[in-house]
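I have placed the structure first, in the form of structure tokens, so that the comments after it can refer back to it.
Computed from the coordinates by the stated procedures, all read-outs in this text should not be read as laboratory data. Model, not experiment: these values are computed from the prediction. Cβ sites come from the backbone with ideal geometry, for glycine too, and all protein chains shown count toward neighbours.
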Amino acid sequence: MKRVIGVIAALVVGASGLALAAPASADGVVNLTVRDGIVGVQQTIDAQISTSGVGGTGTVTFAANGQTIGTDDVGPTLGYDAQVYWTPTTGGGRVNITASFSGGGNDSTSVYIATVSTQTTISSPGSAASSSTITLTAQVFAKSGSYMPTGNVTFFRSSGGSIGNGNLNGQGIATLAYPLGNASGNVSFYAKYNGDANAKASNNSATTTTRVSSQGSSVTLSVPQTNYLNTAVPLTAVINPNTGTGTVTFTVSGKTVGTANVSGGSASVTWVPTSTGNPKVTATYSGGNGVSGSSDSKTVAVAQSLKADSISIDPVGTQGPVLNGQTFVLANGASVQTQNSSASGLPVSIAVVGPCAYNAGNSTFSVQGVGGKCTVAASTAGGNGFAPGKLTFYISTTTGSQTANVAAPKSGTYKSGKTLTLAKPGTVTNLNQAISWKVKSGGAYCKITRAGGAVKLKLVKKGTCTVWGTAPAIGTQWAAYQTTRKYTVK
């Protein structure tokens, strides 16, 4: 608060009477008062101005290390005590403070500005699932003043050492993502601020505790009981409950053969045995998503390498079995029966891709439309000392043939005047196509007649005639129908 100093005047007796005395010199003496401080903590700097005369008026300018930090006016009505407020922005060293009076005179002194003391707090989720990741949050405060600490915080697990660092943001907050792993029960943490150029390191924070719980699990290892040297073996672990995440590590006689991520409650790898014997196969689940880890083991047998299996697919009525990669032709609507066997004596499985079908009941392939090749994969599962076998071949599909049951007698010699029935009423092809009849040649010897839906041929006189019965093709799937008879009339 400014002190108000009254105006002091002197009466001087002169020849002309009474008059005010002239103002004294404005030269002054500055007496600076400032104390040691703390970075970020505001303090008051004082400067007392003394002049050699009465009536001195002016401005006092304050500076820290040459940088102006404020001004204050003094004078007869304002008082001669100048003040400014100063908040140090750097600490850990000395600062030169000066006060300069515009009417003449200055004063300076050096003060020590200490770094500010700090305090750290920490928080964590109250509860979490094992194998999940939680976020730890630390807040750093200056114990006095307005300084915002910078730098980083080190996080600790109470039962162990440092678990990582987090950088402070503009609000003095640092975070750390911490994976809990297979922890369970109460897990406690604390944090410590490491300080910066202007702020001291803090003491350890109070601890924060997270309750970690997990759900029990079971692992079921699936592996063939008998396996064979240098032959791939699938190893599968099924995790219950299937909500668990994490990994499964597979070992054989203590040696890791693969690790796989759990997806949909299971994980799988492939093992290729390199020696015979009775190894112990183990699947170890890491746990994850609140599901605890567990394991399962089985002792299996590894025997000598399997013999190669061979498969025979022999279409009935052909020159022999189909070879691997071979293609044979089958028309639309046609079928062929096969005799299937394997060297191992194991059943042969058939898979077909394309416009063909396979009837396992009678071992018959059939074509159900023209659309390129059909791919046939024949296989055996392996066993009886044999490795799984495979044979692949192809069926090329062609346009199918139409058929019809016509009444026309077979070609031959018949007496003049006789009438032959070529087709009974309603005769069509197997695809319900009407059949057209005509005399292709020898029309003078044979004549076609129609009555009641029947088609007949009258043998008129001696000679030879050729008769055709035809039905049109159906798209690209079925060829046209045609039947021919040649009759000699005697």
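Under 20 Å Cα-Cα from Lys390, which lysines qualify once same-chain neighbours fewer than 8 residues away are excluded?
Lys307, Lys373
In terms of modelled amide H atoms, which long-range or inter-chain residues lie less than 5 Å from the amide H of Thr33?
Close amide H contacts, sequence-distant or interchain: Asp46, Ala47, Gln48.
In the chain, with Lys and Arg counted as +1 and Asp and Glu as -1 at Cβ, which of these residues, Phe62, Ser218, Ala301, has the Cα nearest the positive end of the dipole, that is, farthest along it?
Toward the positive end, the furthest listed residue is Ala301.
Can you tell me what percent of all Cα-Cα pairs in region 412-489 are more than 15 Å apart?
56
With a ≥ b ≥ c taken as the square roots of the eigenvalues of the C-alpha gyration tensor of region 383-455, please select rounded if a/c is under 1.5 and otherwise prolate if a/b is larger than b/c or oblate if it is not?
prolate
For region 335-490, what percent of Cα pairs sit more than 22 Å apart?
Details: 7152 of 12090 pairs.
Across region 335-490, Cα pairs with separations above 22 Å total 59 percent.
Of all DSSP beta bridges in region 412-489, what percent run antiparallel (nearest 5)?
About 90 percent, rounded to the nearest 5.
Express as a percent, rounded to the nearest 5, the fraction of DSSP beta bridges in region 25-119 (both residues included) that run antiparallel.
95
Based on Cβ point charges of +1 for Lys and Arg and -1 for Asp and Glu, what charge dipole magnitude is obtained for the chain about its Cα centre, in debye rounded to the nearest 20?
6160
So what does log10 I(q)/I(0) come out to for region 118-213 at q = 0.13, 0.20 Å⁻¹, using the Debye formula with one equal point on every Cα and no solvent?
Log10 I(q)/I(0), no solvent term: -0.42, -0.87.
For region 311-398, rounded, prolate or oblate, judged on the Cα gyration tensor with a ≥ b ≥ c (square roots of eigenvalues), a/c < 1.5 rounded, else prolate if a/b > b/c?
Working: a/c = 2.04, a/b = 1.89, b/c = 1.08.
Prolate.
Compute the separation of the alpha-carbon centres of region 402-465 and region 130-164 and state it in Å as a whole number.
105
Would you please name the trypsin sites (Lys or Arg not before Pro) within region 434-472 that are DSSP coil residues with at most 16 other C-beta atoms within 10 Å of their C-beta?
Filter output for region 434-472: Lys461, Lys462.
I'd like the antiparallel share, as a percent to the nearest 5, of DSSP beta bridges with both residues in the chain. Before the final figure, lay out the partial values.
On the way: 149 of 169 bridges.
So the antiparallel bridges in the chain amount to around 90 percent.
Name the residue farthest towards the positive end of the dipole of the chain from the options Ser100, Gly246, Tyr193, assuming +1 on Cβ of Lys and Arg, -1 on Cβ of Asp and Glu, about the Cα centre.
Looking along the dipole axis, the top candidate is Gly246.
Students often forget the sequence filter, so: which lysines lie under 29 Å Cα-Cα from Lys462 once same-chain residues fewer than 8 apart are removed?
Straight-line reach from Lys462, under 29 Å: Lys410, Lys415, Lys418, Lys424, Lys438, Lys440, Lys447, Lys486, Lys490.
Which value, in nm² and rounded to one decimal, describes the direction-averaged projected area of the C-alpha convex hull of region 228-303?
Projected area, direction-averaged: 4.4 nm².
If you average the C-alpha positions of region 300-356 and of region 226-243 separately, how far apart do those two centres end up, in angstrom?
Distance between centres, Cα-based: 29 Å.
So which lysines can Lys143 reach, going by Cα to Cα under 21 Å and dropping same-chain residues fewer than 8 places off?
Lys192, Lys200
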